[in-house]
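S.K.: I have a structure I would like to understand better, so I am pasting it below and will then ask my questions one at a time.
Throughout, read-outs are computed from the coordinates displayed, never taken from laboratory work. Worth saying up front: this structure is predicted, and the values here are computed from it rather than measured. Heads up, the Cβs are rebuilt from the backbone with ideal geometry, glycines too, and the neighbour counts pull from every protein chain shown.
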Amino acid sequence: MICRRVQAEVLDAAQVAVDTFRLRLRAPEVARAARPGQFVMLGPLEDGALDPFLPRPFSIHRANTDGDLEILYARVGRVTQDMTRLAPGRRLWLLGPQGRGFAAPGAGELWLAAGGLGVAPLVFLAEHEAPRRKVRLFYGVRSADRAVPLEWLRRSGVQIDLATDDGSAGARGTAAQLLEAAGPPPAGAALASCGPWKFLRAVHAIATRWNAPLELSLETRMACGMGACLGCAIRLAAGRRRVCLDGPVFDGREVFG
């Protein structure tokens, strides 16, 4: 894993759904090295905003060879509230790309299951894999106004199945329920998922019944992001693991057995 600490330039920040925002940054060295499933640590602005003592981890939502990368985040506290007001041209420290990304094994279909903001790393994976295989994304949110617009991804050939808890758009229910109703997938298919823990457990149970390989991207609090502080260490079925260094992407069997 090769991490780069750079000053990233803010290109734009925009709200894309209720309490959900997209931050686009210019960071050529990081963007060109990034792989789906990896993350970056965002540090303080030059003027000291964004808490200089606690860098925050964010999944890479998109990255391109032009040198731009995007993160998708929810407004949940003071730091993310400050991030919504970042103006183009501002600079902040960025460390990355970090962690173990998706392997996306095989050449068969790739089915992705996203719960809420878990869609962030799966979009990067879908965009990366769509040119060479059929990709299907099962995306679940609480209500229609919380769904991130993904028409551009649909136009690239990715099939998107939407579920909402309240039935205000797509099917009523969760992305895990939508996934199960659509399956089993064709032989040779692989699965990947990101979302809340209960959601990941449900997806793992489905993949196990189908005997399909599954990768899970885990979300947890981090401090250093490089495996030194053990702040993100959690106990999985395979033993104690550091999410920042051993993950954040794990084989489903490592997580739940």
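S.K.: For every other residue with a beta carbon closer than 14 angstrom to the beta carbon of Ser168, add +1 if it is Lys or Arg and -1 if Asp or Glu, then tell me the sum.
M.R.: Taking every other residue near Ser168 into account, the sum is 0.
S.K.: Follow-up question, since we're still on this one. Please give, to one decimal in nm, the separation of the simple spin-label points placed at Ala169 and Ala103, each 7 Å out from Cα toward the Cβ.
M.R.: Reported label-point gap for Ala169 and Ala103 is 3.5 nm.
S.K.: Which ³J(HN,Hα) values in Hz, rounded to whole numbers, follow from the phi angles of the stretch 79-85 under the Karplus curve 6.51 cos²θ - 1.76 cosθ + 1.60, where θ = phi - 60° and Gly and Pro get x?
M.R.: 3J(HN,Hα) across the stretch 79-85, in whole Hz: 5, 5, 5, 4, 5, 5, 9.
S.K.: Would you mind working out the magnitude of the charge dipole of the chain relative to its Cα centre, with +1 at each Lys and Arg C-beta and -1 at each Asp and Glu C-beta, to the nearest 20 Debye?
M.R.: Here the chain has a charge dipole of around 420 debye.
S.K.: Over what distance in Å are the Cα centres of the stretch 69-104 and the stretch 168-197 separated?
M.R.: One Cα centre to the other: 27 Å.
S.K.: Treating the angle as unsigned and between 0 and 90°, give the value, to the nearest 10°, between the Cα long axis of helix 119-129 and the longest Cα principal axis of the chain.
M.R.: 70
S.K.: Still on this structure: Which stretch or stretches of the stretch 114-140 have amide N atoms under 17 Å from the point lying 7 Å from Asn64's Cα along the Cα→Cβ direction?
M.R.: Flagged as within label range: 123-131.
S.K.: Something else now. What angle, in degrees between 0 and 90 and rounded to the nearest 10, separates the Cα long axis of helix 197-210 from the longest principal axis of the Cα atoms of the chain?
M.R.: Roughly 40 degrees between the two axes.
S.K.: Which one of Gly257, Leu92, Ala176 is farthest out on the positive end of the charge dipole of the chain, using unit charges on Cβ (Lys, Arg +1; Asp, Glu -1) and the Cα centre as origin?
M.R.: Of the candidates, Gly257 comes out farthest on the positive side.
S.K.: Computed FRET efficiency, Cβ-Cβ of Glu29 and Arg221, R0 25 Å: what is it to the nearest 0.05?
M.R.: Efficiency, rounded to the nearest 0.05: 0.40.
S.K.: Separation between the Asn211 and Glu151 pseudo-spin-labels, each 7 Å from Cα along Cα→Cβ, expressed in nm?
M.R.: 4.3
S.K.: Placing +1 on the Cβ of each Lys and Arg and -1 on the Cβ of each Asp and Glu in the chain, which of Trp152, Val119, Thr164 has its Cα farthest towards the positive end of the resulting dipole?
M.R.: It is Val119.
S.K.: Taking R0 as 25 Å, what's the FRET efficiency between Asp12 and Ser143 from their Cβ-Cβ distance, rounded to 0.05?
M.R.: With R0 = 25 Å, the Cβ-Cβ based efficiency is 0.45.
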